[in-house]
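As structure tokens, the structure follows; a few thoughts come after it.
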Amino acid sequence: MEQYQAIIEILALSMGVAWASGINLYAVLLVLGLGGSGGYIDLPAELTVLQDPVIIAAAGLMYLVEFGADKVPGVDSVWDSLHTFIRLPAGAMLAASTVGEVEPALVIAAAIVGGGVSATSHFMKSGSRLLINTSPEPVTNWSASIGEDIAVLSGLWLALNHPIIFLIALALFLAFAIWAIPKLWKLIKEIFMRIRCWMKGETYSKPEVEELPVELDLTQLPKQ
């Protein structure tokens, strides 16, 4: 029983850091580093390097930079675009590091799944931010940014203290993301088309859906 409990805890922490890294990587590094150095979090051996004061200071500095950039309309989307190449591999690496010294196949599997989870949370965040930026006021950006930080802290707390509840919540999030991401992409594509038409001085109109040709019923043809 204890063995299964340990596996669930490792799985929750692995997927938790991957999911949270897709939203705010520097907050994850800061929480793990401060929590580990203060004795509040028992980090796996591969993650104890995050307790180094130099890494904590760097993560804290970058968190402050992201804290400001994340609340400025337009700047947040550019920041998210650049961090596509940072959050995804970092999330995969952190997920792989949480499994400890096990079979290489399990480490690679954790990295693959962790990278996928990081990508999902990242694209959910960046896609929703692009839609939010179409609103003329910055209040929504502030609310979204603070809500994301709260979600990261809450998710990590759940993963560490209530792993089963976190895994259930993660499964629901992934199911929602599978439904939502295609719709987000469609809306974002429409926004870019509108901007393109506006820059060209043209009027945007939604493309008409082509009607499928009516199937020919050969039984209705006149017989010769």
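Values for this structure:
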item	result
Formal net charge of residues neighbouring Leu30 (Cβ-Cβ distance under 15 Å; K, R +1; D, E -1)	-4
Ranked by how many other beta carbons lie within 10 Å on average, peptides 11-23, 167-179 from highest	11-23, 167-179
Charge sum, other residues only, whose C-beta stays under 10 Å from Trp79's C-beta, Lys/Arg counted +1 and Asp/Glu -1	-3
Value of relative contact order over the stretch 2-203, rounded to a whole percent, pairs C-alpha under 8 Å and six or more apart	30
Equivalent ellipsoid dimensions for the stretch 2-203 as semi-axes, Å, which come from the Cα gyration tensor, largest first	33, 19, 14
Spin-label model distance (nm) - Val78 vs Leu64, 7 Å beyond Cα toward Cβ	2.2
Order of Glu2, Glu66 - criterion: other Cβ atoms within 10 Å of each residue's Cβ, fewest first	Glu2, Glu66
Sequence ranges 71-82, 150-161, ranked by mean other-Cβ count within 10 angstrom, highest first	150-161, 71-82
Label-to-label distance, nm, for residues given as Asp52 and Ile164 (7 Å Cα→Cβ offset)	3.9
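Any read-out appearing in this document is the output of simple, stated calculations on the displayed coordinates, not a laboratory observation. These figures come from a predicted structure and were not determined experimentally. As a convention, Cβ positions derive from the backbone with ideal geometry for all residues, glycine included, and neighbour counts pool all protein chains shown.
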